[in-house]
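Following: one structure in structure tokens, then a few remarks.
The values are calculated or read from the model by the stated rules, or taken from the named source; none is laboratory data. Just so it is clear, the model here is predicted, and its values are computed rather than measured. All Cβ positions, glycine included, derive from the backbone under ideal geometry; neighbour counts span all protein chains shown. Note: areas computed on protein heavy atoms with side chains; ligands, DNA, RNA excluded. Shrake-Rupley method; radii C 1.70, N 1.55, O 1.52, S 1.80 Å.
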Amino acid sequence: MMMRSSTAALVVAVVLAVAVAAAEAGELKVGYYDKSCRGVENVVKWHVIKAIKADRKVGAALVRLIFHDCFVRGCDASVLLDGPDSEKTAPINIGLAAFEVLDEIKEAVEDRCPGVVSCSDILIYAARDAASAMSNGHVYFDAPAGRLDGMVSRAADAQADLPDSTFTIEELIQNFKRKNFTIEEMVILSGAHAIGVGHCSSFRARLTAPQEQILPAYRGLLAGKCGAGPDPIVVNNIRDEDPKAIAASVPSFLPKLRKIEFLDNSYYHNNLARIVTFNSDWQLLTEKESRGHVHEYADNGTLWDEDFSDSLLKLSKLPLPKGSKGEIRKKCRYVNHY
């Protein structure tokens, strides 16, 4: 009995040592699962498309998750872990969603290839496919894989690492610089706000901002919506607003409304017109280089599609902290118990 226990302990130690080594190596490659779990990317894509067809808001939620995961301790699916003080619970992560979709994908992948595909790779594939679906295929990148799932998830880390919606341009630049992202890449990734929603608590100060920072009619629209409850949700893009609300507040914008939420360069047009929700969005116009890139991507949607794809790829390669332990979770919400 003692021999079996010792052997089991040795196996666990070896597994953990390998996991640590692999996590530090960070060797990612396209087609990583071609032999070990053939067709896994098709499985992920099928579930993502199905979920978006049922509820288009899922697409924006998945795109948001890649940023909120990778900017904190690297791309390790730590944002998916449940717990009383996990990253999910951080105030800055308010409104994160689509966890159930990733649970469903993980279950399907486990049925196909037990213990092979990490939750962190599934998240990257799913976010990539969501961005592609929400942009009619204009945003896409070949996603390298081979990540391990992290075993640590702390709300404090999320608060410390993620850029806050109240940040000034100087704070934004420093925040992205810490992750080795340039001012241009910061502006590019901000374009994801062409889709999705935000809570009023994330832009409350915008309701009293001067007209130099926000179109008064849009400010009035936001104030009306935010007065409807303790912390209502508002769409990030005015083009996705309720036609009745637009007719009552910004009637000149009615022709620009769109029938479905779409990932494109409209964020930059909105920003130049001072009709964006977050202070961090407007702040991009307060610095020469970032303002120049806002104009650049407003003028060239195709360029933004390409550069956003490249920036998502770079984001997907952010590694775990050196010395971190990694594993392939059986369920994305919980670390394994050895």
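Some points to look at:
- The set of residues in segment 93-122 that are under 13 Å from the mean Cα position of the chain (by Cα) and among the polar types (S, T, N, Q) comprises ASN93, SER120.
- Subset of segment 197-212 [of a type outside the set (A, V, I, L, M, F, W, C) and open to solvent by 10 Å² or more (accessible area, probe 1.4 Å)]: HIS199, SER201, SER202, ARG204, THR208, PRO210, GLN211, GLU212
- Some residue of segment 108-123 being touching a Ser or Thr at 6+ places or on another chain (Cβ under 8 Å), in a helix (DSSP H, G or I) and not hydroxyl-bearing (Ser, Thr, Tyr): no
- Residue match in segment 140-149 (condition: open to solvent by 10 Å² or more (accessible area, probe 1.4 Å) and free of Cβ contacts under 8 Å to residues at least 24 places away in the same chain): no
- Subset tally (residues that are surrounded by fewer than 16 Cβ atoms within 10 Å (Cβ to Cβ), under 23 Å from LEU285 (Cβ atoms) and modelled with pLDDT of 95 or more) for segment 224-252: 0
- Answer residue from segment 213-223, given it is over 27 Å from the mean Cα position of the chain (by Cα) and in contact (Cβ under 8 Å) with a residue 12 or more places away in the chain and is surrounded by the most Cβ atoms within 10 Å (Cβ to Cβ) among those: LEU215
- Filter pass, GLY137 being small (Gly, Ala, Ser) and touching a residue at least 40 places away in the same chain (Cβ under 8 Å): no
- Members of segment 270-322 found to be among the hydrophobic types (A, V, I, L, M, F, W, C), touching a Phe, Trp or Tyr at 6+ places or on another chain (Cβ under 8 Å), under 24 Å from ARG239 (Cβ atoms) and not in a helix (DSSP H, G or I), listed by number: ILE275, VAL276, PHE278
- Segment 253-289 - residue that is open to solvent by less than 10 Å² (accessible area, probe 1.4 Å) and more than 18 Å from the chain's Cα centre (by Cα) and, of those, nearest to ILE169 (Cα to Cα): LEU284
- Scanning segment 150-171 for residues that are more than 16 Å from HIS193 (Cβ to Cβ), of a type in the set (Gly, Ala, Ser) and buried (at least 18 other Cβ atoms within 10 Å of the Cβ) gives GLY150, SER153, ALA155, ALA158.
- Qualifying positions in segment 222-232 - touching a strand residue (DSSP E or B) at 6+ places or on another chain (Cβ under 9 Å) and of a type outside the set (Asp, Glu): LEU222, LYS225, CYS226, PRO232
- Residue that is among the β-branched types (Val, Ile, Thr), open to solvent by less than 30 Å² (accessible area, probe 1.4 Å), modelled with pLDDT of 95 or more and in contact with a Gly (Cβ under 6 Å, 6 or more places away or on another chain), where the choices are ILE122, ILE52, ILE92: ILE52
- Single condition LYS45 does not satisfy, out of (1) modelled with pLDDT of 95 or more; (2) charged (D, E, K, R); (3) part of a helix (DSSP H, G or I); (4) surrounded by fewer than 18 Cβ atoms within 10 Å (Cβ to Cβ): (4)
- Segment 95-107, subset in contact (Cβ under 8 Å) with a residue 60 or more places away in the chain and of a type in the set (D, E, K, R), residue surrounded by the fewest Cβ atoms within 10 Å (Cβ to Cβ): ASP103
- Residue ID - nearest to ILE52 (Cα to Cα), chosen from residues in segment 125-134 that are buried (at least 22 other Cβ atoms within 10 Å of the Cβ) and not hydrophobic (A, V, I, L, M, F, W, C): ASP129
- Residues in segment 74-89 that are of a type in the set (D, E, K, R) and not in a helix (DSSP H, G or I) were compared, and the one that is least open to solvent (accessible area, probe 1.4 Å) is ASP76.
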